[in-house]
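Asker: Take a look at this one; I'll ask things after.
The values are calculated or read from the model by the stated rules, or taken from the named source; none is laboratory data. Since this is a predicted model, take the numbers as computed values, not measurements. Cβ: placed from backbone, ideal geometry, glycine included. Neighbour counts: every protein chain shown.
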Amino acid sequence: MTSLVSRRFFLQTLTMGAATTGLSACMPSGLKDIALAPVKTPPASVNTPVNNALAPFASMYGEMRDGDFVLPAIPYQHIDPQFLRQIVDDPTGEQPGTIVVDTKRRYLYLVRLNGKAIRYGVSVGKEGFAWSGRGIIEYKRKWPTWTPPADMIARQPQLAKYSAANGGMKPGLKNPLGARALYIFQDGKDTLYRLHGSPDWSSIGKRASSGCVRLINQDIIDLYERVPEKAPVLVV
């Protein structure tokens, strides 16, 4: 079974420079406790589609209708099982309701009560495009419009058609923000980094984004329903 991040790792990381704002001093109101059965992580060597240990993931990652869109089923058998959604012992020591992103191990934790956390696999920013620190989820959006920032357009001029001036990219199955987006602010300012869905399930567990934190669409929908606006976020 994949080893968990130690509490010491998180404490050392915070000491080394993550900004402290006191946002996790209390459990945020509105935190939803949606049922999720504990799942034992099967060995990473499992390759066969038919495996009892993987069976609980079939319902998590199956085809689902969401508003005007139908999300395709995720071939979860081809994803390293450590990056599939599951309940684990909380390794962070943060207050319940806090979202913690471990960029090194490509995990996102939603801290729960009783020493537990829900762990999701993520894709994080490429070297040089990562953000870290403490913030809050200022607001959330279903099927968001994607507007690439000016510096991204400067690097990739072909994206100019999706600029804010042009109205951005409309929501849809190919939209880079996927089915949901949670917008991270720090000290009242937009960090321009998001927790969001992605149609590219194969990027999970890798450094593949331009700084934001990607989740499988089915996972970002699950996270969206569990956390309220103003929930504290720690990215290390």
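Asker: In the set 140, 126, which member is among the basic types (Lys, Arg) and over 15 Å from residue 184 (Cα atoms)?
Answerer: Result: 126 is the single residue among 140, 126 that is among the basic types (Lys, Arg) and over 15 Å from residue 184 (Cα atoms).
Asker: One residue is enough: does segment 124-133 have a residue meeting the conditions closer than 26 Å to residue 98 by Cβ, crowded, with 23+ Cβ neighbours inside 10 Å and touching a Leu at 6+ places or on another chain (Cβ under 7 Å)?
Answerer: Looking through segment 124-133, none of the residues is closer than 26 Å to residue 98 by Cβ, crowded, with 23+ Cβ neighbours inside 10 Å and touching a Leu at 6+ places or on another chain (Cβ under 7 Å).
Asker: Of all strands (runs of 3 or more DSSP E) completely enclosed by segment 85-126, which ones contain at least 1 residues that are within 12 Å of the chain's Cα centre (by Cα) and on the phi < 0 side of the Ramachandran plot?
Answerer: 99-102, 107-111, 116-121
Asker: How many of the residues in segment 83-98 are within 20 Å of residue 224 (Cβ to Cβ) and touching a Phe, Trp or Tyr at 6+ places or on another chain (Cβ under 7 Å)?
Answerer: Residues meeting the conditions: 2.
Asker: While we're here: If you scan segment 122-147, which residues turn out to be touching a Lys or Arg at 6+ places or on another chain (Cβ under 6 Å) and more than 16 Å from residue 182 (Cα to Cα)?
Answerer: Answer for segment 122-147, where residues must be touching a Lys or Arg at 6+ places or on another chain (Cβ under 6 Å) and more than 16 Å from residue 182 (Cα to Cα): just 126.
Asker: Scan segment 79-101 for residues that are within 16 Å of residue 220 (Cα to Cα) and crowded, with 18+ Cβ neighbours inside 10 Å and jot them down.
Answerer: 83, 84, 85, 86, 97, 98, 99, 100, 101
Asker: How many of the residues in segment 54-73 are among the hydrophobic types (A, V, I, L, M, F, W, C) and loosely packed, with under 14 Cβ neighbours inside 10 Å?
Answerer: Final tally of qualifying residues: 4.
Asker: Got at least one residue in segment 202-222 being part of a helix (DSSP H, G or I), among the aliphatic types (A, V, I, L, M) and under 24 Å from residue 94 (Cα atoms)?
Answerer: For segment 202-222, residues part of a helix (DSSP H, G or I), among the aliphatic types (A, V, I, L, M) and under 24 Å from residue 94 (Cα atoms): present.
Asker: Kindly establish whether residue 73 is modelled with pLDDT under 95 and hydrophobic (A, V, I, L, M, F, W, C).
Answerer: Taking the combined requirement at face value, the residue does not satisfy it.
Asker: A further question on this structure: If I ask for residues that are assigned to a helix (DSSP H, G or I) and surrounded by fewer than 16 Cβ atoms within 10 Å (Cβ to Cβ), which ones from segment 134-159 would you list?
Answerer: 150, 151, 154, 155, 157, 158
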